[in-house]
Amino acid sequence: MANQEQGNPVVLIETSQGNVTAELWPDKAPKTVENFLGYVDEGFFDGLVFHRVIPNFMIQGGGFTPDMRQKPTKAPIINEARADTPNSRGTLAMARTGEVDSATAQFFINLIDNTYLNHTARTPKGFGYAVFGQVLEGMDVVDKIAAVPTGTIGPFENVPRTPVVIRSIRRVP
């Protein structure tokens, strides 16, 4: 992990499995960080879950309640994926659909170096996933979440059998 850059925002992600501290990178993804912090400041993530957990890939949260109801979000943002900001272990990135500019509130934490998620071209296939920060402390908690038993709930696969709740995400002063 790189050292925290002075002045970069830091957030504390409190979960039912423990706490994770992450630095956000407004110099690399300004609109993405602004969007994420907007959700943080309004308490949007409180009580949501990590709803998609895939070992040796990533943990994803920020969109669903424990009963797998999707929470309404603001409009999607522009994808700020960059070739010089890879989806490395411990980085935070925005989840999206197959549409390049479809990210809203859902984010994921990379469990490994997911090079195939990196930005390689300005095409739908090559655009990649926008990385906007990294875990500073708590990768042990991220790995603990990655190890929870999962199953299928309705149309959703890789859902933790016991919800991994995001109690809150707050800025660290």
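A few comments on the model shown:
- Selection status of Lys144, surrounded by fewer than 17 Cβ atoms within 10 Å (Cβ to Cβ), of a type in the set (Lys, Arg) and closer than 21 Å to Gln17 by Cβ: yes
- Residues located in the range 113-135, provided they are over 14 Å from the mean Cα position of the chain (by Cα) and farther than 14 Å from Ala83 by Cβ: Asp113, Pro124, Lys125
Each row is one residue, and each column tells you yes or no for (1) in contact with a His (Cβ under 7 Å, 6 or more places away or on another chain); (2) more than 23 Å from Glu23 (Cα to Cα); (3) in contact (Cβ under 8 Å) with a residue 40 or more places away in the chain; (4) charged (D, E, K, R).
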position	(1), (2), (3), (4)
Phe57	no, no, yes, no
Arg69	no, yes, no, yes
Glu80	no, no, yes, yes
Gly90	no, no, yes, no
Thr123	no, yes, no, no
Phe127	yes, yes, yes, no
Gly138	no, no, yes, no
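- Boolean, Ile77 is at pLDDT 95 or above and either part of a loop (DSSP other than H, G, I, E, B) or of a type in the set (D, E, K, R) (or both): yes
- Residue check for Thr120: of a type in the set (Ser, Thr, Tyr) and over 16 Å from Leu37 (Cα atoms): yes
- Counting only residues that are aromatic (Phe, Trp, Tyr) and either surrounded by fewer than 21 Cβ atoms within 10 Å (Cβ to Cβ) or more than 20 Å from Leu48 (Cα to Cα) (or both), the range 101-131 holds 3 of them.
- Residue match in the range 81-98 (condition: within 18 Å of Val11 (Cα to Cα), out of contact with any Lys or Arg (no Cβ under 6 Å at 6 or more places or on another chain), acidic (Asp, Glu) and modelled with pLDDT of 95 or more): no
- Per-region count, the range 1-39, residues of a type outside the set (Gly, Ala, Ser) and within 23 Å of Pro160 (Cα to Cα): 8
- The residues listed here are Thr65, Thr85, Thr97, Thr73; of these, the one that is of a type in the set (S, T, N, Q) and crowded, with 18+ Cβ neighbours inside 10 Å is Thr85.
- Scanning the range 24-80 for residues that are of a type in the set (Val, Ile, Thr) and either in contact with a Lys or Arg (Cβ under 7 Å, 6 or more places away or on another chain) or closer than 18 Å to Val135 by Cβ (or both) returns Thr32, Val33, Val40, Val53, Ile54, Ile59, Thr65, Ile77, Ile78.
- Residues that are surrounded by 13 or more Cβ atoms within 10 Å (Cβ to Cβ) and of a type in the set (Val, Ile, Thr) were ranked within the range 147-161; the one that is modelled with the lowest pLDDT is Ile153.
- Listed by first and then second residue, the pairs with beta-carbon distance under 6 Å, at least 6 apart or on different chains, first residue in the range 150-173 and outside any loop (DSSP other than H, G, I, E, B) and among the hydroxyl-bearing types (Ser, Thr, Tyr), second at pLDDT 95 or above and surrounded by 14 or more Cβ atoms within 10 Å (Cβ to Cβ), are Thr150/Val53; Thr150/Asn158; Thr150/Val159; Thr150/Pro160; Ser168/Glu14; Ser168/Asp46.
The values are calculated or read from the model by the stated rules, or taken from the named source; none is laboratory data. Owing to the predicted nature of the structure, the values given are computational and were not obtained by experimental measurement. For neighbour counting, all protein chains shown are included, and Cβ atoms are generated from backbone atoms with ideal geometry for every residue, glycine included.
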